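Where a number appears in this text, it was derived from the coordinates with a stated rule and is not lab data. Please read all numbers here as calculations on a predicted model, not as lab measurements. Backbone-built Cβ (ideal geometry, glycine too); neighbour counts: all protein chains shown.
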Amino acid sequence: MQFTRAVRPISLLILVAATVVVAPAAAQEHRNGVVVAVSAPGAEAGLAILKQGGNAVDAAITTAFAMAVTHPAAGNIGGGGFMVVHPAKGEPVVIEYRETAPAAATKTMFKKGESPYTHRVVGVPGTVRGMALAHQKFGKLPWKTLVLPAVELAEKGYLLDKHHANSLNNILAASKAFPEFQRVFARPDKTAWKPGDRHVQPDLANTLRLIADKGPDAFYTGAIADQIVAEMKAGGGLITKDDLAGYKAMERQPIRGMYRGYDVIGPPPPSSGGTCLVQMLNTLENFDLKKYDRYSPQTLHLMTEAMRRAYYDRARYLGDPGFTKIPTHLTTKEYARDLAKSIDLSKATRSDAFKDIPLAPEGDSTTHFSVIDKDGFAVSNTYTLEHGYGSRIVVKGAGFLLNNEMTDFNWRPGVTNRAGAIGTEPNTIAPGKRMLSSQTPTILAKNGKVVLVTGSPGGRTIINTVLNVVVNVVDYEMPIQQAVDAPRMHHQWFPDELKFEGTKQHAQTVAQLKAMGHSVSFSRQGDAHSIWVNPKTGGFIGAADKRLSGKVAGY
Ligand code: DON
């Protein structure tokens with residue numbers, strides 16, 4: 001049986017009652033370590049590793065593998081991401097495990113309107129090599145110890161919460177054309193999943209056991225590589241054995257900035273996240289935001305204008321640094337001063353005033369988790385399959401989903417339009433190239449000590465979600481849960497539109513923003529599972545984002 005209704009109503013009551021007693025209150029401080037993630041079993045698996053004496057990287061590796069089982073929309077071994085690591089002592093580094101274009105990929109391989117759910121949109125996965133590189137550099141516990149919890153979750157199953165049951169039901173309805181997806185993810189009796197059901201994934205358990213026993217080579221040169229290549233051949237995909245064998249995760253220097261006395265540490269290209277975040281913060285530092293209410297038209301206007309300018313530069317300049325030369329001025333204070341001067345305090349700049357290069361829309365699922373251990377060693381990790389459940393292609397017999405990350409490249413070189421296509425050169429397709437990302441796992445530190453760990457899903461909204469959280473914490477001194485919950489806003493240059501999570505209570509602000517020339521509409525942003533370190537006590541406070549499910553697992 002792939003599932004059982006694990007919890008009968010009566011035991012559910014007991015469980016809920018027990019949870020109420022033992023669950024940490026939102027602002028509970030932990031002294032020994034915290035993992036915050038969208039998936040409760042994922043966060044708990046990481047916490048168990050901390051309790052066994054593992055460090056923050058060990059816990060992050062376990063949570064990442066566990067969430068490949070328990071959060072299949074975005075947790076993955078068939079995708080990629082970015083891990084910002086801040087050791088308790090010493091310099092932060094980034095483990096970059098972004099996917100690459102296969103060797104057979106070409107600049108013009110995609111046509112307008114081509115489906116984002118085919119074998120051709122799969123990038124060479126980076127996650128397993130990324131975790132192995134993080135382990136090689138920082139790991140304390142053996143690799144096998146870190147992967148086995150995921151094997152167990154796949155083999156014995158995990159209990160679906162409401163969010164994950166709904167998510168699976170929605171994607172199953174939308175993925176009828178993918179038989180292996182249906183076989184692996186449908187409830188065995190083909191009825192809808194319910195909260196409390198147990199989801200068992202035997203194929204994935206075998207795959208993860210191979211990775212636990214044989215290490216990352218099982219995935220890149222061994223039996224799993226053979227399965228991926230067979231899947232590609234069957235479906236007309238491009239990834240070959242050589243592509244997999246040649247994949248390398250990278251250790252990179254983070255993008256560093258300083259915002260009102262806090263060190264800001266984010267991912268470098270091929271993510272645009274760190275660069276844009278630091279550029280926006282530098283721009284905002286030229287204004288005394290605190291003078292204005294958080295939801296005043298002035299604050300929202302200034303944030304919007306900082307965003308507009310950074311996203312314009314993102315389109316102009318950013319891509320894989322191995323293929324495109326990235327200007328160094330983007331994160332300087334001097335450049336930000338010029339940008340700040342170009343902002344009219346009473347009027348929206350029209351995005352058209354820069355140039356006509358709108359950006360293409362991105363997909364709908366990624367996930368971020370934050371970890372800190374007893375020594376204050378922190379990990380900020382975002383990883384993704386690009387769209388929710390990626391390409392919807394499950395490698396036959398191997399039980400895991402492949403990404404559709406190739407959609408993050410600029411598909412049609414030179415073709416730009418207001419509807420959302422972008423064709424700028426830095427992010428066109430080339431063999432072996434990494435597609436531009438917006439993932440922004442971020443750490444703020446003061447005097448070498450971690451203060452904030454945050455990040456989010458949400459395509460291009462990611463960078464602005466992180467900006468909102470940072471401004472809430474630094475400028476408005478909000479407690480972390482409030483900083484995460486507070487309505488956010490997003491502007492990405494084109495479409496020339498301010499998206500705002502505000503409610504009726506912000507109607508007057510919205511009216512004033514419209515009078516300044518902003519086009520404002522409602523839109524939700526991603527779930528930013530974060531940790532804040534109380535400078536007075538040194539205690540860790542986790543904040544799970546209520547926009548989705550989520551769990552603070554701490555002790
Ligand atoms: O790397 C990126 O920027 C995108 N592939 C992320 C996609 C995403 O966040 C979709 N999520 N909600």
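Since only 79, 167, 35 are under comparison, the one whose Cα sits farthest along the positive direction of the charge dipole of the stretch 26-175, derived from C-beta charges on Lys, Arg, Asp and Glu, is 79.
Given R₀ = 30 Å, what would the calculated FRET efficiency be for residue 111 paired with residue 162, taking r from the Cβ atoms and rounding to 0.05? Mind dumping the intermediate values first?
Working: r = 39 Å, r/R0 = 1.31.
FRET efficiency, residue 111 to residue 162: 0.15.
Distance between the C-alpha centers of the stretch 190-209 and the stretch 252-318? Whole Å please. If you average the Cα positions of each part, the centres end up 41 Å apart. Contact order for the chain, expressed relative to its length and based on alpha carbon pairs under 8 Å spaced 6+ residues apart, stands at 23 percent. In the chain, the C-alpha radius of gyration followed by the widest Cα-Cα span (Dmax) gives 22.2, 65 angstrom.
For an R0 of 41 angstrom, estimate the FRET efficiency from the Cβ-Cβ distance between residue 223 and residue 477 and round to the nearest 0.05. If you can, show how the numbers build up before the last one.
Details: r = 53 Å, r/R0 = 1.29.
Efficiency for this residue pair is about 0.20.
What FRET efficiency comes out for the pair residue 515/residue 446, r = Cβ-Cβ distance, R0 = 51 Å, nearest 0.05? Here the calculated transfer efficiency is 0.85. With the convex hull of the Cα atoms taken as the outline of the stretch 209-336, the averaged projected area works out to 11.9 nm². Neighbour counts of C-beta atoms inside 10 Å place 433, 325 in the sequence 325, 433, starting with the fewest. Based on the Stokes-Einstein relation at 25 °C and a viscosity of 0.890 mPa s, and on the Kirkwood radius from alpha carbon pairs, the stretch 432-538 is assigned a translational diffusion coefficient of 162 µm²/s. Residue separation of residue 27 and residue 251 scaled by 0.36 nm, minus their Cα-Cα distance, works out to 77.2 nm of gained length. Label-to-label distance for residue 342 and residue 91 is 3.2 nm, based on points extended 7 Å past Cα in the beta-carbon direction.
May I ask for the distance between the Cα centers of the stretch 26-41 and the stretch 133-152, given as a whole number of Å? Centre-to-centre distance over Cα atoms comes out at 20 Å. Rg over Rh for the stretch 61-130 works out to 1.09, using Cα positions for both radii and the Kirkwood form for Rh. Pairs with C-alpha atoms separated by more than 18 Å, drawn from the list 374/536; 51/144; 162/396; 156/551; 111/248; 333/499, are 162/396; 156/551; 111/248; 333/499. Here the gap between residue 288 and residue 546, fully extended at 0.36 nm per residue and compared with their Cα-Cα distance, gives a gain of 89.9 nm. Ordering 530, 342 by the number of other Cβ atoms within 10 Å of each residue's own Cβ, fewest first, gives 342, 530. The alpha carbons of the stretch 487-531 occupy a box of 37, 27, 15 Å along the principal axes, longest dimension given first.
Across the stretch 252-299, counting alpha-carbon atoms alone, Rg and Dmax equal 12.6, 38 Å.
Using unit Cβ charges (K, R positive; D, E negative) and no other charged atoms, how large, in debye to the nearest 20, is the dipole of the stretch 211-356 about its Cα centre? Write down the numbers at each step before the final one.
Details: 21 positive and 19 negative charges, 127 e Å.
Taking the Cα centre of the stretch 211-356 as origin, the dipole is about 620 debye.
The mean sequence distance of close C-alpha pairs (under 8 Å, at least 6 residues apart), as a share of the length of the stretch 71-129, puts its relative contact order at 45 percent. Radius of gyration over Kirkwood radius for the stretch 281-342, both on Cα atoms: the Rg/Rh ratio is 1.06. Only Lys, Arg, Asp and Glu carry charge here, each on its Cβ (+1 for the first two, -1 for the last two); on that basis the chain has a dipole of about 380 debye about its Cα centre.
Put a plus charge on the Cβ of each Lys and Arg, a minus charge on the Cβ of each Asp and Glu, and nothing anywhere else: the dipole of the stretch 232-299 about its Cα centre is then about 80 debye. The Cα atoms of the stretch 128-274 cover 55, 41, 34 Å along the three principal axes, with the biggest extent listed first.
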